[in-house]
Amino acid sequence: EILIGLVGSEMCIRDRRWSRVLSSSGATVQCSFYRNANDNAIAKTTFFYNSISTYPTSSDWNMCKIQLNLAYDVQTDTITHEFGHVFGLDENNDTPSSIMCQKGYGRTATYPSDTDIIMLNGLYPNA
């Protein structure tokens, strides 16, 4: 299990430790691995508020779990896609050049596109 935290604009990866996301309410991002060939998901991101599963567009959250399925070839673009969710981006399956397009919808992006960056800048205009 690797836990990943965000501190200001720097990403810190620490083995087996909790890290905090610097935000007004504080949050924790946990990244773990599992292996299940019967699960069609390459990766999953789940959000929680006080240990109760929630959807980040309808509720605040203070814990996020990214789970990477090692039954598949998990690549950097998938991890980047999941972190897009952590930063507030939703799926963008109409645009294969967006990192937020799911692989099953034909994602061609291997890193955030200009559109992804514009969306992030819209969410965090003072960052």
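Tabulated data
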{"read-out": "In the stretch 90-114, residue farthest from Thr76 (Cα to Cα) [restricted to those that are among the charged types (D, E, K, R) and open to solvent by 40 Å² or more (accessible area, probe 1.4 Å)]", "value": "Asp94"}
{"read-out": "Filtered residue count, the stretch 87-127, keeping only those that are part of a helix (DSSP H, G or I) and either of a type in the set (Gly, Ala, Ser) or touching a residue at least 60 places away in the same chain (Cβ under 8 Å) (or both)", "value": "3"}
{"read-out": "Subset of the stretch 51-72 (residues that are outside any strand (DSSP E or B) and either in contact with a helix residue (DSSP H, G or I) (Cβ under 9 Å, 6 or more places away or on another chain) or at pLDDT 85 or above (or both))", "value": "Ser51, Pro56, Leu70, Ala71, Tyr72"}
{"read-out": "Subset of the stretch 68-89 (residues that are more than 17 Å from Asn40 (Cα to Cα) and open to solvent by 50 Å² or more (accessible area, probe 1.4 Å))", "value": "Thr76, Phe87"}
{"read-out": "Boolean, Asn36 is of a type outside the set (Ser, Thr, Tyr) and either closer than 19 Å to Ile118 by Cβ or open to solvent by 40 Å² or more (accessible area, probe 1.4 Å) (or both)", "value": "yes"}
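The values are calculated or read from the model by the stated rules, or taken from the named source; none is laboratory data. Because the structure is predicted, anything quoted here is derived from the model rather than measured. In this analysis, Cβ positions are derived from the backbone assuming ideal geometry, glycine residues included, and neighbour counts consider all displayed protein chains. These accessible areas exclude ligands, DNA and RNA; they are computed on the full protein's heavy atoms, side chains included. Shrake-Rupley method; radii C 1.70, N 1.55, O 1.52, S 1.80 Å.
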